[in-house]
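The block underneath contains the structure these notes are about, expressed in structure tokens.
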Amino acid sequence: SQTIHQWPATLVQPVGSPLSLECTVEGTSNPNLYWYRQAAGRGLQLLFYSVGIGQISSEVPQNLSASRPQDRQFILSSKKLLLSDSGFYLCAWSTIGADTQYFGPGTRLTVL
Amino acid sequence: AQKITQTQPGMFVQEKEAVTLDCTYDTSDQSYGLFWYKQPSSGEMIFLIYQGSYDEQNATEGRYSLNFQKARKSANLVISASQLGDSAMYFCAMREDGGATNKLIFGTGTLLAVQP
């Protein structure tokens, strides 16, 4: 069966510091991968998606970037965090051509 | 532009009763998909149920059913026999069709509280 992991689970970082969040999927090959952000009390906003290694599409211009160095690994990064980057970050995967996205446990980021 | 609207910020329901969570959508696509996810306080998004735009039957998954009214562009979630563990945020989402990306657009969610 497929599983999706995210780490760290929680993170507190100062403004201006770098960021690296990791997401890995097990039990499937060549998945579509997604990064979402959820601000407090809000719905999910799609940040990036990837249909293959090295292929990244950005949905919202911002302080963040994403990379996919391996088939089942998706990384969210920032060189300098802003206060507005605080939120709950969720990674998701889906099979190409299938309908449903499955989410990881999320990373709660607080920027102080 | 595609849009999902959930007009109920919060709902209360008594244990063992049924509850309907509203969702309306806006799209010009003929082919699309509609989803409901549950988000408990732990934060993880749990997939509940899916309805394709060409599906003639309403989707059902255990105690969850999706009341799909295509002409009204609504996709309400019905939870039967509510349980205390059903207390959570519920999000309606729509898949943008076209290509292989399967991007989802989410509503703002409904917070459901099940009372004993």
Among residues of the stretch A:18-41, those that are at negative phi and either of a type in the set (A, V, I, L, M) or loosely packed, with under 13 Cβ neighbours inside 10 Å (or both), counted: 10
- prompt: So how many residues does the stretch A:6-59 have that are under 27 Å from B:Met94 (Cβ atoms) and within 13 Å of the chain's Cα centre (by Cα)?
  reply: 22
task: Give me a count of the residues in the stretch B:94-116 that are over 16 Å from B:Gln8 (Cβ atoms), within 14 Å of another protein chain (Cβ to nearest Cβ) and of a type outside the set (D, E, K, R).
output: 8
- request: Confirm whether A:Val60 is open to solvent by 20 Å² or more (accessible area, probe 1.4 Å), assigned to a strand (DSSP E or B), among the aliphatic types (A, V, I, L, M) and within 14 Å of chain B (Cβ to nearest Cβ).
  value: no
field: Residue check, B:Thr5 of a type in the set (S, T, N, Q) and away from chain A (no Cβ under 14 Å)
entry: no
query: In the set B:Asn58, B:Asn102, B:Asn76, which member is free of Cβ contacts under 8 Å to residues at least 24 places away in the same chain and buried (at least 16 other Cβ atoms within 10 Å of the Cβ)?
result: B:Asn102
- line: Of the listed residues (B:Asp22, B:Asp29, B:Asp86), the one being more than 11 Å from every other protein chain (Cβ to nearest Cβ), open to solvent by 10 Å² or more (accessible area, probe 1.4 Å) and within 23 Å of A:Gly41 (Cα to Cα) is B:Asp22
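Answer with yes or no whether A:Ser50 is within 14 Å of chain B (Cβ to nearest Cβ), part of a strand (DSSP E or B) and open to solvent by less than 30 Å² (accessible area, probe 1.4 Å).
Numbers: within 14 Å of chain B (Cβ to nearest Cβ): yes; part of a strand (DSSP E or B): yes; open to solvent by less than 30 Å² (accessible area, probe 1.4 Å): yes.
For A:Ser50, the condition - within 14 Å of chain B (Cβ to nearest Cβ), part of a strand (DSSP E or B) and open to solvent by less than 30 Å² (accessible area, probe 1.4 Å) - is met.
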query: Can you name the condition, by its number, that B:Gly33 falls short on among (1) more than 23 Å from A:Trp35 (Cα to Cα); (2) under 13 Å from the mean Cα position of the chain (by Cα)?
result: (1)
query: Quick one: is A:Gly16 in contact with a Lys or Arg (Cβ under 7 Å, 6 or more places away or on another chain) and in a loop (DSSP other than H, G, I, E, B)?
result: yes
Those residues of the stretch B:63-83 which are over 20 Å from B:Gln8 (Cα atoms) and either within 11 Å of chain A (Cβ to nearest Cβ) or touching a strand residue (DSSP E or B) at 6+ places or on another chain (Cβ under 9 Å) (or both), in sequence order: B:Arg63
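The values are calculated or read from the model by the stated rules, or taken from the named source; none is laboratory data. Predicted model, so just to flag it, every value in this text is computed and none were measured. FYI the Cβ positions are ideal-geometry reconstructions off the backbone, even for glycines, and counts take in every protein chain you see. Calculation scope for accessible area: heavy atoms of the full protein, side chains included, ligands and nucleic acids excluded. Shrake-Rupley method; radii C 1.70, N 1.55, O 1.52, S 1.80 Å.
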